[in-house]
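Any read-out appearing in this document is the output of simple, stated calculations on the displayed coordinates, not a laboratory observation. Just so it is clear, the model here is predicted, and its values are computed rather than measured. Cβ atoms come from the backbone with ideal geometry, glycine included; neighbour counts cover every protein chain shown.
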């Protein structure tokens, strides 16, 4: 799976993508992430944003710069032989992202282009021209699309064989619960003992699965 991120703040992804599971997936070439910065196409002393037509607060990201970044991403996909590409633009009014969407994306597409806005958003003509699907990760407002992009990269990557190491590691494919325990069996804190539920120590997998289902 190849992710192509169009953002004016690519540095925001550095730490997250270099660590843990995603870091290993990228190192093992199961996942790749490329960045395309619209600011690269600004002329000297030119801004990446402009005042909104019709008035209003804040600034709007200019469409031609994002379209140029998209063209570079598209060319890279064609050179790499990408067969199916998904174009996503983050919007609070977009379709709600969930695990089902992540599963479908991992199976259906070779490349995913994620367009991350900032400020008051990207000029609406970008979405109309590219026919990008608008996606939301929740009923709240963030300062930009970089965090949503990280969420999608993480969630979709988990569905790619080999990324987690074992199929059973996918929470959605095994009986899990919101409560998990490890050693010590008895945790003492402020003169009070906190014990692991006895059923988890029983070795009876049927009873353990029943307990986990109750705790969902």
Open item on the list: Place a point 7 Å from the Cα of residue 20 along the Cα-to-Cβ direction; which residues of the range 125-152 have their backbone N under 15 Å from it?
Closed with: 150-152
Open item on the list: Please rank 26, 135, 122, 21, fewest neighbouring Cβ atoms within 10 Å first, as an exposure proxy.
Closed with: 21, 26, 135, 122
TODO: Using only Cα atoms, locate the centre of the range 177-216 and the centre of the range 50-86, then give the distance between them in Å, rounded to an integer.
DONE: 50
Open item on the list: Can you give me the angle between helix 205-215 and the longest principal axis of the chain, using Cα atoms only, in degrees from 0 to 90, rounded to the nearest 10?
Closed with: 50
Open item on the list: If I model a spin label at residue 186 and residue 30 as a point 7 Å from the Cα along the Cα→Cβ vector, what separation in nanometres do I get?
Closed with: 4.0
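Take the Cβ-Cβ distance between residue 139 and residue 9 as r, set R0 to 22 Å, and report the resulting FRET efficiency rounded to the nearest 0.05. List each step's numbers first, then the result.
Working: r = 24 Å, r/R0 = 1.08.
About 0.40, to the nearest 0.05.
For residue 71 and residue 93, compute 0.36 nm times the residue count separating them, minus their Cα-Cα distance, and round to one decimal in nm.
5.4 nm
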Task: Inter-label distance, nm, simple model (7 Å from Cα along the C-beta direction), residue 129/residue 179 - done: 5.6
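Under the classification rounded if a/c is under 1.5, otherwise prolate if a/b is larger than b/c and oblate if not, where does the range 69-169 fall, given a ≥ b ≥ c as square roots of the Cα gyration tensor eigenvalues? Don't jump to the answer; show the numbers that get you there.
Details: a/c = 2.17, a/b = 1.22, b/c = 1.77.
Cα axes put the range 69-169 in the oblate bin.
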TODO: Quick one: compute the contact order of the chain, relative version, from alpha carbon pairs under 8 angstrom and 6+ residues apart, as a percent.
DONE: 22
TODO: Rounded to the nearest 10 degrees, what's the angle between the helix 63-79 long axis and the longest principal axis of the chain, both from Cα atoms, 0 to 90?
DONE: 70
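Give me the percent of DSSP beta bridges within the chain that run antiparallel, rounded to the nearest 5.
Numbers: 7 of 28 bridges.
If I count the DSSP bridges inside the chain, around 25 percent turn out antiparallel.
Only helical DSSP H runs with n ≥ 4 go in: add -39500 (n - 2.57) per run for the chain, normalise by residue count and round the 222 nm mean residue ellipticity to 500 deg cm²/dmol. Walk me through the intermediate numbers first.
Working: 7 runs with 69 residues, N = 216.
One gets -9500 deg cm²/dmol as the mean residue ellipticity at 222 nm.
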